[in-house]
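First comes the structure, then the notes that go with it.
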Amino acid sequence: MKRTLPAAAALLLATLTACSAADTTSTDDTPAKPHKPAADVSQAAMAQARQLAYLLTVRKKVPALAGTSDKRLLEVGHETCDSIDEGTSVLDIAATHQATLGIAPDDSGYVVGAAINGFCPEHLDEIGAAP
């Protein structure tokens, strides 16, 4: 059961990724117009899937954050990406999370990595991970 939730989140994310393209055909062989609301819904669903995967991963790997709300953990994730965008090093961000969240250095590094992977994968090179 412990592997089921992260696996389910990964499956949901993969499914949403595969289904995100708009259908541009119709049954009468005339091209259908893409529906922007459907694309917006897909984007919202993808964002929710990323949030769920991030929360499940952080909660599983960092038990010290069990008492921290989902809202706060999501804020930490987005703050991580904002700080990297502003030029702050991942080591400095991890040190800040360690102090503000009261967690071990390894745990704060894990939170930073999970945030990058979930919310700003364009910064994966900051942690030495392959895209």
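Using a 1.4 Å probe, how large is the accessible area of TYR110, given in Å² and rounded to the nearest 10?
The accessible area comes out at roughly 80 Å².
GluC sites (Glu not before Pro), restricted to the range 53-131: which are DSSP loop and have at most 11 other Cβ atoms within 10 Å?
For GluC sites (Glu not before Pro) across the range 53-131 that sit outside H, G, I, E and B with at most 11 neighbouring Cβ atoms in 10 Å, the list reads GLU86.
The values are calculated or read from the model by the stated rules, or taken from the named source; none is laboratory data. Only a predicted model underlies this, so the values are computations on that prediction, with no experimental measurement involved. Backbone-built Cβ (ideal geometry, glycine too); neighbour counts: all protein chains shown. Side chains are part of the model used for accessible areas, which takes the heavy atoms of the whole protein and leaves out ligands, DNA and RNA. Shrake-Rupley method; radii C 1.70, N 1.55, O 1.52, S 1.80 Å.
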